[in-house]
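The values are calculated or read from the model by the stated rules, or taken from the named source; none is laboratory data. No experiment lies behind these values; they were computed from the predicted model shown. Note that we place each Cβ from the backbone using ideal geometry, even for glycine, and neighbour counts take in every protein chain shown.
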Amino acid sequence: MARFSGARLSTAAALCCAALLTACAGTDTPAPTRTAGTAETPADASAAVAAKDLCDYLRGQLPNLKSIGSEVGAMANLTVNLYSWYEKRGAVPSGIQIDTQLQQECPDVQTEVLKTAGIESFATLSPN
């Protein structure tokens, strides 16, 4: 059985995550149009999902994220699953919008998820 160093494994996991995100990006859904003074993500994107629902979802994901055993793996899992979860409910908000909702509704869950995934903000997961 081949042995991989932590750096090689982390790089491989990051590349897999990038490939998954790139594959998911090719949809037939038109991108939101940008008008003067607005961002590409609709301002009410996070309002499409109630903060309580987001907190409940992430609270339920914590045991799975922790069982992955690596921050890179947890971050990849979180990125793909959270994006899919939002996409089923409408618009995908920016990471900053997600951070804002979580800070207001369940900062303890936010802190635990971010720590488990080894990131400081959900903005790390979002190109918006």
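A compact table of results
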item	result
Those residues of region 89-103 which are over 13 Å from D53 (Cα atoms) and not hydroxyl-bearing (S, T, Y), in sequence order	G90, A91, V92, P93, G95, I96, Q97, D99, Q103
Scan of region 70-110 for residues that are of a type in the set (S, T, Y), within 15 Å of L125 (Cα to Cα) and more than 11 Å from the chain's Cα centre (by Cα), ordered by number	T100
Residue list for region 101-128, filter: on the phi < 0 side of the Ramachandran plot and surrounded by fewer than 16 Cβ atoms within 10 Å (Cβ to Cβ)	Q103, Q104, P107, D108, T111, K115, E120, S121, A123, T124, P127, N128
Sole residue being closer than 23 Å to S70 by Cα, under 11 Å from the mean Cα position of the chain (by Cα) and modelled with pLDDT of 95 or more, chosen from L125, L114	L114
Candidate set from region 76-109 (those that are in a loop (DSSP other than H, G, I, E, B), within 16 Å of D56 (Cβ to Cβ) and touching a helix residue (DSSP H, G or I) at 6+ places or on another chain (Cβ under 9 Å)); member that is modelled with the lowest pLDDT	R89
Which listed residue is of a type outside the set (S, T, N, Q), modelled with pLDDT under 50, surrounded by 15 or more Cβ atoms within 10 Å (Cβ to Cβ) and out of contact with any helix residue (DSSP H, G or I) (no Cβ under 8 Å at 6 or more places or on another chain), from P42, P32	P42
